[in-house]
Structure formats: C-alpha cells, structure tokens
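S.K.: So that we are looking at the same thing, I have put the structure below in structure tokens.
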Number of protein chains: 2
Amino acid sequence: MKRRQVLKGAGMLAAAAVGVRAASETEATAPAATVPAASSPSPPIPVTQRLTQYAASINLADLPPAVRHQGARTLLNWMGCAVGGSRQDAVTHALAAVKPFAGPPQAQLLGRRERLDALHAALINGISAHVLDYDDTHLKTVIHPAASVMPALLALSEHRHIAGPDFLNALILGVEAECRIGNAVYPSHYDLGWHITGTCGVFGAALACGRCLGLSTEQLTWAVGLAASQPVGLKIQFGTMTKSFHPGRAAQNGLLAALLAQQGFTTAQASLEGMDGWAQAASREHHWAEVTDALGSRFESALNTYKPFACGIVTHPAIDAAIQLRNEFKLQPEGIAHVTLRANPLVLSLTGKRSPQSGLDGKFSIYHCIAAAIVFGAARERQFTDAAVRDPRVTALRSRVEVQTDAHVAAEQCDLDVELTDGRRLTRHIEHAVGSVQNPMSDADLEAKLRDLASDALPVARVSTLIDTCWRIESLNDAAAVARAAAA
Amino acid sequence: MKRRQVLKGAGMLAAAAVGVRAASETEATAPAATVPAASSPSPPIPVTQRLTQYAASINLADLPPAVRHQGARTLLNWMGCAVGGSRQDAVTHALAAVKPFAGPPQAQLLGRRERLDALHAALINGISAHVLDYDDTHLKTVIHPAASVMPALLALSEHRHIAGPDFLNALILGVEAECRIGNAVYPSHYDLGWHITGTCGVFGAALACGRCLGLSTEQLTWAVGLAASQPVGLKIQFGTMTKSFHPGRAAQNGLLAALLAQQGFTTAQASLEGMDGWAQAASREHHWAEVTDALGSRFESALNTYKPFACGIVTHPAIDAAIQLRNEFKLQPEGIAHVTLRANPLVLSLTGKRSPQSGLDGKFSIYHCIAAAIVFGAARERQFTDAAVRDPRVTALRSRVEVQTDAHVAAEQCDLDVELTDGRRLTRHIEHAVGSVQNPMSDADLEAKLRDLASDALPVARVSTLIDTCWRIESLNDAAAVARAAAA
C-alpha cells in the first residue's frame with residue numbers, strides 16, 4: 001500500500017511537471033489512501049470480500065421459508081411481465097438489431113418462438129420483462145430486483161444445467177446483493193442520475209450466475225469487478241425504449257462477468273469500495289454497513305413487492321378502493337352519480353390528466369384509473385389500451401369523478417366516496433394499498449396477474465403449466481423447465 | 001418544461017409522504033430545470049444535437065490533409081498493437097468465455113486465425129489492442145482514442161461494406177467526438193475514478209459506426225443516448241486484465257448502440273448534457289464548449305500521439321537519449337564505464353526498480369530501460385520480456401547506470417551522460433521526447449513499431465501488406481481489406 005501511495009503522488013506531480021495531467025495513466029493508477037472525490041472515508045471492512053464470501057456460502061436449505069417463498073413469488077411475477085411485454089416495439093427492435101450477430105439457439109425468448117444464444121437472450125428477455133413497468137420493486141431503493149437477475153439466470157439455466165433449488169438460491173442471492181448495494185449508495189447514486197435498476201442489477205446478475213457456475217470466492221470477486229466496470233442506465237432515458245434496455249443489458253453484462261471470471265479474467269479485489277472503484281465513481285455517499293450487516297439473517301429480498309396495477313404507485317390506493325367497492329356492492333357504472341377521491345396532492349400532480357386520449361395517457365389520469373377500475377374491476381395492461389381509454393362507459397363515468405387533494409393524507413392512503421343514483425353513499429378508506437409491503441398481493445393475485453399478462457402470447461394450458469412450474473421451482477430437477485414453459 | 005418541474009417537485013413530496021423516496025420511479029423522472037447534482041448549470045446549447053448534426057455532416061473531402069494523414073497513422077499504430085497483443089492471456093481468456101455464445105464468423109480476430117460475429121470481434125480485438133498499454137494517446141485527457149473506435153469500426157466493415165474514405169472519415173469523427181467529450185468532463189470525470197478511455201470511447205464507437213450505417217441525425221442522437229447509458233471502466237482495474245476489457249466492451253457497446261438506433265430504438269434527446277444524463281451522473285464539471293466550439297475547424301484528432309517505447313511515458317526522454325547516443329556513436333555496452341541520468345524526481349518514484357526480476361518489472365525500472373535501449377537500440381515489447389531483463393549484457397550495464405533527480409528538470413525532459421571506458425564523455429539533452437506532440441514519431445517509426453509488434457503473429461510479407469493497406473486507406477474500395485490483412 002505504501003508504494004502505491006507514492007506512485008499516486010508522483011503521478012500528480014508528473015502531471016504538473018509535463019503539463020499533461022495523466023500522461024502516466026498506466027503507472028499512476030494504483031489505489032491511494034485517500035478518496036478525494038467521495039464524501040465517506042474508505043470503509044474499515046472489505047465490502048467486496050464479505051459479499052463474495054457470503055455469495056459462495058449461501059445455501060437454500062438455510063434460508064427461512066418466507067424468504068424462499070418470496071423468491072418463488074418474484075419468479076412468478078417476473079415471468080408474467082416477461083411474457084406480457086414480449087410483443088412490444090422495444091423487444092422487436094432490439095431483436096432485429098442483434099439477430100444477425102446471435103450465436104447458437106441456446107435460450108428461449110419468453111412469450112415468443114425464437115431462441116438465441118444465452119447472452120443475447122438475457123438482453124432481449126430483460127427488455128421484455130421491464131418494458132411494461134409492471135415488474136417487482138424494492139421500495140427502499142426503487143430497484144426492480146428481478147429485472148437483471150432473472151433474465152441472466154434463466155438464460156444460463158438453458159445453457160448449463162441448474163437444479164431448481166440452486167436456481168432459487170442464486171435468485172435470492174442476486175436480489176439480496178443488488179438491493180444491499182443499492183441501499184449503500186441510495187439516494188445519492190439515484191439522485192446523480194443513475195438508473196439504479198441497471199447499475200446495481202448487474203451485480204445481482206453477476207453473483208447469481210457466478211454462484212450457479214460454481215465460481216470460487218476469488219472468481220466471484222472478479223465477477224463483481226467486471227460488473228462494477230459495466231454499470232448500465234441513466235434516468236434521462238425514462239419514457240424511452242432505452243429504460244427497458246437498461247436491465248436487459250445489465251443482465252447480459254452480469255452473465256458475461258461471471259463467464260469471464262470463470263476463465264480467470266482478473267480484476268481488482270475491492271471493486272465496490274476501493275479507491276477509484278464503483279462507489280467512489282458513481283455515488284457521493286456510501287453506507288457500507290447496508291451491504292455487510294446481518295448477511296444471512298436479515299433479508300432485503302423478503303421486502304420485494306409486486307404491482308397489482310399497471311400504472312404508477314400513486315394511483316394504487318384509489319384503484320384498490322374502487323375495485324373493493326365495485327366487487328362488494330356489484331356496482332354498475334350507470335348506477336353511479338358521482339365519485340369523489342380525497343388523496344395526497346401528489347396524485348393530481350402526477351396523474352391529473354382530465355381527458356386522456358391514449359392508453360399511455362390513461363396511466364397518467366387518476367380519473368381514468370378510477371373509472372376503468374369500476375367498469376372492468378381491474379387496472380391491468382388491457383385497461384390502459386387506447387380502446388379502453390375511449391370506451392364510452394369509461395369516458396362517461398370518468399366525467400363524474402372528482403378529486404380533492406389534502407396534504408394530510410399520506411400518498412399511500414386515500415378515501416373514496418361513491419354516490420349512487422339511488423341515493424346511497426358508499427365509502428372506503430385505504431390505509432395501505434394492495435401490493436405494498438404491509439398489504440402484499442396474495443399468491444392468487446399474482447397468478448391472476450400472470451394469467452392476464454400471458455394470455456395473448458400463450459395458450460391457456462401453457463399458462464397454467466408456467467404458473468405451476470414457477471411454484472415448483474424448489475423441486476425442479478432442471479430449472480430450464482421454467483423458460484421452456486414460457487415458449488410461444 | 002414547467003409541467004416537468006411540477007412533476008419533479010411532486011415526486012419528492014411523494015417520497016416524503018409515503019416514506020418511500022421513489023415509489024413513482026416511472027412518473028417522476030422527466031427532466032427539471034435545475035441540476036442539483038452537477039456543479040455547472042445546464043448548457044445554453046444543445047450539445048448532443050450539435051454533435052450529432054456534425055456527425056451527420058462531416059466529410060473526408062473537407063478535412064485538412066494533415067488530419068486525414070493523422071487518421072491513417074492512428075489506424076496503422078492501432079493495428080500493430082492489436083496484432084501484437086493477440087496472444088496475451090486477457091485475449092485468450094475472453095475468447096474462451098464468449099466463444100460458446102458467438103454468432104456467425106463475420107469478422108477477423110486480428111493476429112489470430114479465428115473469426116467471430118462482429119459484436120464479439122469488437123470486444124476481443126479491443127482487448128487485444130489495449131492489453132500492452134502501447135496504443136495511441138490523446139495527452140490532454142489520457143484517452144486512448146483508437147481503443148474503442150477502431151475495433152467497432154473494423155468489425156462493422158467486415159459485416160457491411162464500407163469504402164476506405166468512409167471508414168477513415170468515421171474513424172476521425174469517432175476520435176474527434178470522444179476526445180471532445182473527454183475534454184468537457186476532464187479532469188473531474190477521471191478523478192472520480194472512471195477509466196476515461198472506455199467511458200468516452202463508447203461515444204466515439206457509436207458515432208463512427210452510426211455514420212457508416214448511414215444513420216439520420218435523429219438516429220445518431222439515439223446512438224449517443226444508448227452509448228451514454230453504457231459507460232465502461234473504472235481506474236481501480238488498472239493492473240488487471242479488466243483494464244483492457246474496458247475499451248473492448250466500449251467498442252462492442254458503441255457498435256450495439258448504432259445497430260439499435262438503426263432499428264428505431266429510442267432514447268432521450270440530450271443524453272450527454274440533460275438533467276439525469278451522462279455528464280451529470282459521471283462528472284462534477286462540464287465544459288460544454290469543448291464539445292461544440294470550432295467543430296470542423298479545430299481537430300483534437302490531429303493531436304493524437306503514439307508511444308515509441310513499450311513502457312510509461314516518464315521513461316521516454318531517457319530512452320530517446322540513450323538510443324540517439326547508441327546509434328550516433330555505435331556504442332557497445334562493454335565500452336561504457338558509467339551512465340548518469342539527470343531527470344525529474346518522478347522518474348525514480350514511478351520507475352525506480354533497481355533490480356527488476358521480470359519483464360513487467362523492467363517497465364518500472366529506469367535502469368533497465370536505459371540499459372536495454374543501449375544494448376538493443378529499442379525499448380519495445382521484446383525488450384521487456386523476462387529473458388531481456390535477465391540478459392547478462394543488460395544486467396551488467398544496468399549496474400553502471402545512476403539516476404540523479406532534479407525537480408527543475410521537467411518530466412518530459414532529461415540529460416543523459418555516458419562515460420566510455422576510453423575516457424570519452426558523451427551527453428545528450430532531450431527537450432521533447434520522441435512520441436510527444438512536439439516531436440512525433442515519424443511514419444517510418446510507426447512502421448518499424450508495427451513490424452516489431454506483428455512479427456510473431458504474421459509472416460513478414462503479410463506484415464508489409466498490412467502496412468501498405470493501412471497507408472492506402474483513402475483509396476481502398478473495401479475497408480475490410482485492413483482486417484483481412486491482419487489474419488494469422
């Protein structure tokens with residue numbers, strides 16, 4: 001370490017001396033003792049090493065049943081999103097771009113007929129599963145945890161045999177690692193502009209794949225190093241196709257990182273926390289205990305949540321209330337005189353479109369969300385088509401919805417009042433909307449969501465097989481059965 | 001713009017309200033007017049747009065002859081490095097990792113027999129050409145300009161016909177763009193830990209390939225956006241195989257970005273300079289005029305430099321002096337009583353190894369550099385093998401080399417005194433070492449460097465063809481002839 005400090009100091013001197021700051025790029029690059037660009041000192045604990053030791057040692061049999069079940073739920077929810085997004089333009093455009101370069105047909109494109117080499121399949125399936133913005137969310141960091149881990153792991157499972165329990169173990173490991181790394185740099189990293197799903201997801205994909213490849217702790221360290229050198233994603237791309245490219249490419253990068261590490265492709269030892277490493281470059285704050293504390297006893301992966309509705313979370317309390325009242329009182333839109341929502345001001349700021357014209361517009365219209373929820377009893381992708389937004393029953397009811405904002409109402413809560421034409425008044429208070437950590441979607445809800453997402457791409461019997469295969473992940477001899485069940 | 005500010009503000013309110021900062025990741029993401037994380041305000045000029053307009057309009061015929069000739073020199077120097085590095089472990093390990101996934105044999109691995117699909121060929125050739133740390137350098141930013149542009153462009157030229165003049169035009173464009181972007185964020189970006197060759201190189205590769213694919217200005221904007229979302233490289237990886245992975249993967253990312261953009265894969269419009277864009281995320285300073293000023297009349301690409309010696313730049317003045325004296329006075333090591341170097345203190349700090357034991361050690365020993373230069377008349381790769389470091393004539397002379405440091409001597413200068421056994425004293429002052437901007441390597445020097453690098457991998461006649469093909473780039477009907485000339 002001492003010699004390296006000298007080198008660094010000398011490098012800076014050289015810059016001044018020759019009028020060329022870094023003519024000695026090769027030489028003056030070893031870690032020094034100080035971290036001038038970061039707000040926190042170097043951590044007293046070897047973060048990368050602790051994480052890779054954990055990755056090498058985690059075993060499904062030691063994990064609490066609730067954590068394992070959450071893993072299966074994450075798998076099932078993600079598969080629905082992947083199949084449901086498989087016909088989107090972002091997917092077909094990306095497929096057209098990479099197809100001339102693709103290798104052997106090793107891995108299935110979910111919800112489609114094509115097979116690609118595992119690296120490209122990870123990319124395309126990653127785009128497919130994120131393109132609807134309907135996948136799982138780690139609410140503390142807004143990471144979509146399965147987004148990068150699942151496509152990498154699933155593609156690998158078709159290239160190299162992975163038993164179901166090993167697959168689930170690796171999935172949980174990948175989610176755990178990326179969420180902890182996310183916690184360590186959140187919110188600074190996110191505020192700088194990074195799309196945290198892709199920039200942290202690459203670590204999850206690398207470790208999950210590395211574990212399934214049987215990498216040693218040293219090789220896992222290299223996989224982390226190669227992941228650190230390949231972050232993907234900027235928030236400026238939100239609203240464009242490139243948002244869903246981020247987790248897809250992060251999945252591909254993570255898989256590549258593990259494959260390279262397997263061949264002995266070397267990296268630094270402390271790529272996460274070291275001088276000139278990932279966290280110094282990409283975040284101003286580093287809460288390293290978030291990565292290393294209680295590894296093996298506290299599980300971020302258990303906090304994963306799933307969206308019941310295909311629109312922004314801010315609308316979910318109102319939709320939840322509307323569906324509850326509709327189902328309990330068999331509401332017909334024609335029988336409703338007036339609907340009043342009392343909610344946080346955020347609801348109108350984010351989703352205040354009075355007269356949405358397209359399906360996408362509908363996601364930003366709380367009026368449409370409530371009307372569609374009452375008319376259809378759901379707020380899934382098919383409630384946000386252009387046709388649904390123009391449906392006469394929906395537009396008629398929409399015009400009778402009013403929103404009152406109140407800063408004292410928390411954004412995850414609401415009160416919905418429905419006044420019927422027969423004079424009755426129905427009300428519903430939502431404390432925690434369905435899909436939140438406190439009020440999670442049931443397993444049956446997740447199945448219904450998958451059925452809805454997959455029904456255009458897969459026959460009904462195939463959808464049932466897919467659901468069954470996901471739930472049986474712990475007993476599968478070959479995890480690739482999951483991918484095969486999602487072939488169109 | 002006004003509505004977007006409201007959204008952003010609302011998003012932050014939401015975070016406070018629900019105790020979940022970014023539950024509305026999808027919604028609260030549009031650019032706002034302020035850039036809280038960056039030190040400079042949003043630029044008054046649309047940087048990405050100006051750059052892509054330039055990229056769409058640059059024409060070889062309009063470029064000064066010196067700029068075009070520098071482009072040919074960049075090509076020739078890079079080809080030598082790529083062939084010379086083709087047997088290194090980093091190359092063989094990476095090839096072993098990706099081969100099972102590779103597509104059709106579209107593009108040549110330089111200095112080798114294998115052909116891979118163009119995307120993977122860009123990766124492997126990028127590793128090969130950077131692994132010796134012997135490639136070209138833009139001294140203002142320490143970017144190795146050809147490192148990411150060349151492998152992408154060369155692989156594309158074998159997949160899709162590119163005429164020689166279009167190839168050279170695109171190479172110059174790519175180098176120009178990445179160096180200007182580098183200037184805009186240097187030194188902050190580099191100081192944060194990013195390996196600027198990979199993080200800026202991806203833009204050069206994307207624009208060069210995009211131009212050769214005939215992309216519109218809008219498509220070039222998407223290529224830049226996809227490049228921005230895929231920076232590669234951290235300085236912590238210096239000294240490991242992953243350093244050379246960086247430009248290779250950046251080349252692959254840039255090529256992929258252009259291919260996706262060609263298919264209509266959308267991104268933001270201002271991915272470089274916008275809120276939550278690349279520069280905000282990856283640098284604290286943004287000198288945007290460096291990108292946009294005098295485009296088409298001032299050429300960063302003309303400032304490219306080439307290393308005559310296969311070791312750190314700090315040793316180059318002494319090696320230059322030693323070779324000059326050796327050649328002029330026909331020095332024999334046995335006839336030398338004593339050698340004294342007077343140089344900047346940096347020389348000993350960085351390269352002070354008295355008794356190097358390996359070839360790599362030799363690069364960090366000024367004593368070996370001087371002795372080898374006198375014994376062999378060169379300081380190329382073969383002067384830094386284990387055998388060269390242990391050569392008895394070299395070790396004997398090395399023990400008679402002394403270094404005196406003087407902070408008043410600039411790092412790019414030196415004085416070398418050689419005392420002969422017959423009593424004569426020879427001295428040489430170096431003001432600017434060969435290879436500097438002020439004293440560039442001659443075309444003949446570059447040819448000799450390539451011959452030396454390529455001679456193990458290619459037959460002599462093939463090497464001559466390769467050199468000839470590089471110099472004739474402007475008149476080639478098919479630029480792929482360059483890659484074919486480098487097949488083993």
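S.K.: If only one of B:ALA310, B:ALA337 is of a type outside the set (D, E, K, R) and part of a strand (DSSP E or B), which one is it?
M.R.: Criteria check complete, one pass: B:ALA337.
S.K.: Here's another thing I want to ask about it. Just checking, how many residues over the stretch A:30-86 are modelled with pLDDT under 95 and among the basic types (Lys, Arg)?
M.R.: 0
S.K.: Right, next: Given the condition aliphatic (A, V, I, L, M), open to solvent by 10 Å² or more (accessible area, probe 1.4 Å) and either touching a strand residue (DSSP E or B) at 6+ places or on another chain (Cβ under 7 Å) or in a loop (DSSP other than H, G, I, E, B) (or both), answer yes or no: does some residue in the stretch B:127-135 qualify?
M.R.: yes
S.K.: Separate question: Could you tell me how many of the residues in the stretch A:151-167 are buried (at least 24 other Cβ atoms within 10 Å of the Cβ) and not polar (S, T, N, Q)?
M.R.: The qualifying residues number 8.
S.K.: Among the residues of the stretch B:315-330, is any buried (at least 22 other Cβ atoms within 10 Å of the Cβ) and not in a helix (DSSP H, G or I)?
M.R.: Within the stretch B:315-330, none of the residues are buried (at least 22 other Cβ atoms within 10 Å of the Cβ) and not in a helix (DSSP H, G or I).
S.K.: How many residues are farther than 24 Å from A:VAL463 by Cα and either small (Gly, Ala, Ser) or open to solvent by less than 50 Å² (accessible area, probe 1.4 Å) (or both) if we restrict to the stretch A:435-452?
M.R.: Matching residues across the stretch A:435-452 total 1.
S.K.: Can you tell me how many residues within the stretch B:136-150 are farther than 26 Å from B:PHE384 by Cα and open to solvent by 10 Å² or more (accessible area, probe 1.4 Å)?
M.R.: Number of matching residues: 1.
S.K.: If A:ARG342 meets every condition in (1) touching a strand residue (DSSP E or B) at 6+ places or on another chain (Cβ under 7 Å); (2) open to solvent by less than 10 Å² (accessible area, probe 1.4 Å); (3) more than 19 Å from A:VAL185 (Cβ to Cβ); (4) among the charged types (D, E, K, R) apart from one, which number is that one?
M.R.: Unmet condition: (2).
S.K.: Among the residues of the stretch A:257-274, write down those that are more than 7 Å from chain B (Cβ to nearest Cβ), open to solvent by less than 10 Å² (accessible area, probe 1.4 Å) and either closer than 30 Å to B:THR48 by Cα or not in a helix (DSSP H, G or I) (or both).
M.R.: The answer is A:LEU272, and nothing else.
S.K.: How many residues does the stretch B:106-126 hold that are in a loop (DSSP other than H, G, I, E, B) and either of a type in the set (Val, Ile, Thr) or open to solvent by 10 Å² or more (accessible area, probe 1.4 Å) (or both)?
M.R.: 4
One line per residue, one yes/no per condition, for (1) assigned to a helix (DSSP H, G or I); (2) crowded, with 24+ Cβ neighbours inside 10 Å:
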residue	(1), (2)
B:LEU346	yes, yes
B:SER349	yes, no
B:GLY362	yes, yes
B:ALA371	yes, yes
B:ALA379	no, yes
B:GLN383	yes, yes
B:VAL389	yes, yes
B:ARG393	yes, no
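S.K.: Just the residues that are within 21 Å of A:ALA289 (Cβ to Cβ), open to solvent by less than 10 Å² (accessible area, probe 1.4 Å) and of a type in the set (Gly, Ala, Ser), please, taken from the stretch A:178-226.
M.R.: A:GLY182, A:ALA184, A:GLY204
S.K.: Which pairs turn up if I take residues in the stretch A:357-381 that are within 15 Å of A:TYR134 (Cα to Cα) and look for partners that are crowded, with 24+ Cβ neighbours inside 10 Å and of a type in the set (Lys, Arg) with beta carbon separation below 9 Å, at least 6 apart in sequence or on another chain?
M.R.: If the second residue must be crowded, with 24+ Cβ neighbours inside 10 Å and of a type in the set (Lys, Arg), the pairs left are A:ARG380/A:LYS449.
S.K.: Here is a list: B:GLY198, B:GLY210. Which entry is facing another protein chain (nearest Cβ under 8 Å), closer than 28 Å to B:ILE473 by Cα and not in a loop (DSSP other than H, G, I, E, B)?
M.R.: Matching residue, one of B:GLY198, B:GLY210: B:GLY198.
S.K.: When you look at B:ALA223, is it more than 10 Å from every other protein chain (Cβ to nearest Cβ), out of contact with any Lys or Arg (no Cβ under 8 Å at 6 or more places or on another chain) and under 20 Å from B:ALA56 (Cβ atoms), yes or no?
M.R.: When the stated conditions are applied, B:ALA223 passes them.
S.K.: Next up: Yes or no: the stretch A:79-99 includes at least one residue that is among the aliphatic types (A, V, I, L, M), open to solvent by 20 Å² or more (accessible area, probe 1.4 Å) and touching a residue at least 24 places away in the same chain (Cβ under 8 Å).
M.R.: No: zero hits.
S.K.: Determine whether the stretch B:289-304 contains at least one residue that is part of a loop (DSSP other than H, G, I, E, B), buried (at least 20 other Cβ atoms within 10 Å of the Cβ) and not polar (S, T, N, Q).
M.R.: The answer is yes, given that some residue of the stretch B:289-304 is part of a loop (DSSP other than H, G, I, E, B), buried (at least 20 other Cβ atoms within 10 Å of the Cβ) and not polar (S, T, N, Q).
S.K.: Shifting gears a bit: Scan the stretch A:232-244 for residues that are touching a residue at least 12 places away in the same chain (Cβ under 8 Å) and either facing another protein chain (nearest Cβ under 7 Å) or over 22 Å from A:LEU95 (Cα atoms) (or both) and jot them down.
M.R.: Matches in the stretch A:232-244: A:VAL232, A:GLY233, A:LEU234, A:LYS235, A:ILE236, A:GLN237, A:PHE238, A:MET241.
S.K.: Look at the stretch B:448-488 and say how many of its residues are part of a helix (DSSP H, G or I), touching a Gly at 6+ places or on another chain (Cβ under 9 Å) and acidic (Asp, Glu).
M.R.: Residues meeting the conditions: 2.
S.K.: Could you list, in sequence order, the residues of the stretch A:78-113 that are away from chain B (no Cβ under 14 Å) and either closer than 16 Å to A:ALA152 by Cα or among the acidic types (Asp, Glu) (or both)?
M.R.: Listed by number, the residues that qualify are A:TRP78, A:MET79, A:ALA82, A:VAL83, A:GLN108, A:LEU109, A:LEU110.
S.K.: Could you list, in sequence order, all residues of the stretch A:269-312 that are farther than 29 Å from A:ILE58 by Cβ and free of Cβ contacts under 8 Å to residues at least 60 places away in the same chain?
M.R.: Within the stretch A:269-312, just A:GLY312 meets the criteria.
The values are calculated or read from the model by the stated rules, or taken from the named source; none is laboratory data. As the structure is a prediction and not an experimental result, all values here were calculated from the model. Heads up, the Cβs are rebuilt from the backbone with ideal geometry, glycines too, and the neighbour counts pull from every protein chain shown. Surface accessibility is based on the protein's heavy atoms, side chains included, excluding ligands, DNA and RNA. Shrake-Rupley method; radii C 1.70, N 1.55, O 1.52, S 1.80 Å.
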